[in-house]
Amino acid sequence: MFLGLTTLAGRFRFPRVSTVATSAIVAGLVAARIGYVAAHWASYVEAPLSIFAVWQGGFSAIAGIIGAAATLAFQLGRTRALAAGWGALAIAGGLWFTLQALIPPVNYGPFPYYLTLTTQPGVPLPLARFQGRPFVINLWATWCGPCRRELPMLDAAATRNRDVPILLADQGEAPAIVTGFLTREGIGVSNVALDPARGLSQALEVAGYPATAFVAADGTIVQLQLGELSRAALADGIDMARKHR
């Protein structure tokens, strides 16, 4: 929307607007990332290099719009072209926030407490034991690259956050394969369960891994994130699960 409006403005009256639109978008994306990291600094301070892992998501729309507006002001100065650029940005930003407000939240349905997994020693683990409290469950597999990258972080978080359990549920693999992997990687078996029939994948309609479900105390899945998870996204999801009513 922003690029389209600035292109029209450049074609009919303000040619300078269209020439700086791309740089404004780039600056806005950088500012959006910086704004998100600043707001979640406690999650990034342990692993500063994860700031550059933009494929994990994490952008602040407000910070991005401010960054783009500042770039337009710097490049266009106090001219009518700046007013046109800011107008295009305001329309595009207003549309974004309007759509965000109008689109209903995704309904992931209730959590399948009826399923039973097994622990590494082979003891049955009924998921019903998590009823009445918020928790996180991560679906993963040893052959999945993104799963292997995020697993040490999730294991460490599971060890620290005892008030909100984090269960790492391997999907469809033999116990010997999982045990060998955990031993090599130094992952704690107490946080790992086995789902050999991939019942969770079927119940949650997950086709790829990793996938992380954040479940509130009443059994509502407040968020189901597909793909690699950042520390900040994990903290946000846990907070959502805690606060859900």
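No lab work stands behind these numbers, since they all come straight from the coordinates. Since the structure is predicted, the reported quantities are computational estimates derived from the model, not experimental observations. Because the Cβ atoms are built from the backbone with ideal geometry, glycine has one as well, and the counts that use them run over all protein chains shown.
One chain, two ends: Trp55 and Ala90. Fully extended at 0.36 nm per residue, the span grows by 9.9 nm beyond their Cα-Cα distance.
With runs of 4+ DSSP H residues as the only contributors, calculate the mean residue ellipticity of the chain at 222 nm using -39,500 (n - 2.57) per run, divided by the residue total and rounded to the nearest 500. Display every interim value, and only then the final one.
Values: 9 runs with 124 residues, N = 245.
The helix contribution divided over the chain gives -16500 deg cm²/dmol.
Semi-axes of the equivalent ellipsoid of segment 116-243 are 21, 16, 14 Å, computed as sqrt(5λ) over the eigenvalues of the C-alpha gyration tensor in descending order. Which net charge results for the neighbourhood of Leu229, defined as the other residues with beta-carbon distances under 15 angstrom from its beta-carbon, given Lys and Arg at +1 and Asp and Glu at -1? It works out to a net charge of -3. The Cα-based radius of gyration of segment 37-170, divided by its Kirkwood radius, gives an Rg/Rh of 1.13.
Note on segment 125-182: Rg/Rh from C-alpha atoms, Kirkwood Rh, equals 0.98. When restricted to Cα atoms, the chain yields an Rg and a Dmax of 22.4, 73 Å, respectively.
Kirkwood radius and radius of gyration were both taken over the C-alpha atoms of segment 1-48, and their ratio Rg/Rh is 1.29. The alpha carbon centroids of segment 1-41 and segment 117-140 are separated by 46 Å.
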